[in-house]
């Protein structure tokens, strides 16, 4: 029962289980602390995914698909990637599978897809209250700086990021904006990606992201320069950081 129950995490999160399956999974949750923790960590994605599946929007850009599948294959394995490629949920019919230990990849992939659609939805809605205003600066070089504000909406947080002078990166590399929580290290990360971006030809970056994140739990904003190797984790150097 245990192995099968772990596979039902995604379906339970999205309300895609049959009544009997849902009851069985809830019984499993009573005795499985790991599943309870993963469910809690992924719970903020459900409202965003409801928006994504309901949206009459264009397909996500190809680079989003490539990055999502790379995250799944690295964390869960090629077999899980193949299952995701084969999924074509119809309106009102959603079933997802996730292996035990693949919560990070599930969160990365689904958050990326949800953020794409939530960003489109936000464009046509009234702005919510500004929850966070942050100034970011380069470690050891205060002349390079940026600003960001986080707006709370009914479908998640929307982040508006502005920088006027980030260096142009080599082809294939990109900048990534993160929400960073306490105790974050390369060995034991505690951060959530808001998205990736490239400056224009003059080094300006005026971009909008959407993310399923609570800034109270991840109070620091960080920008890293990433190598574009398909790894969803932070591997590049930090170029900007805010104060908590």
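At a glance:
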| quantity | calculated |
| --- | --- |
| Members of the stretch 192-206 found to be farther than 17 Å from residue 156 by Cα and in contact with a strand residue (DSSP E or B) (Cβ under 9 Å, 6 or more places away or on another chain), listed by number | 196, 197, 198, 199, 200, 203, 204, 205, 206 |
| Odd one out for residue 185, checked against (1) over 30 Å from residue 40 (Cβ atoms); (2) assigned to a loop (DSSP other than H, G, I, E, B) | (1) |
| First in the stretch 169-191 and over 23 Å from residue 135 (Cβ atoms), second anywhere and in a strand (DSSP E or B), Cβ under 9 Å, 6 or more apart | 173/225; 173/226; 189/180 |
| Pairs where the first residue, in the stretch 142-168, is outside the structural domain of residue 208 (by TED's automatic domain parsing) and the second is outside any loop (DSSP other than H, G, I, E, B) and modelled with pLDDT under 90, C-beta under 6 Å, 6+ apart | none |
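Here's the yes/no breakdown for (1) modelled with pLDDT of 90 or more; (2) in a strand (DSSP E or B); (3) closer than 22 Å to residue 202 by Cβ:
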{"position": "137", "(1), (2), (3)": "yes, yes, yes"}
{"position": "142", "(1), (2), (3)": "no, yes, yes"}
{"position": "169", "(1), (2), (3)": "yes, no, yes"}
{"position": "177", "(1), (2), (3)": "yes, yes, yes"}
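The values are calculated or read from the model by the stated rules, or taken from the named source; none is laboratory data. As the structure is a prediction and not an experimental result, all values here were calculated from the model. We place every Cβ from the backbone using ideal geometry, glycine too, and count neighbours over all the protein chains shown.
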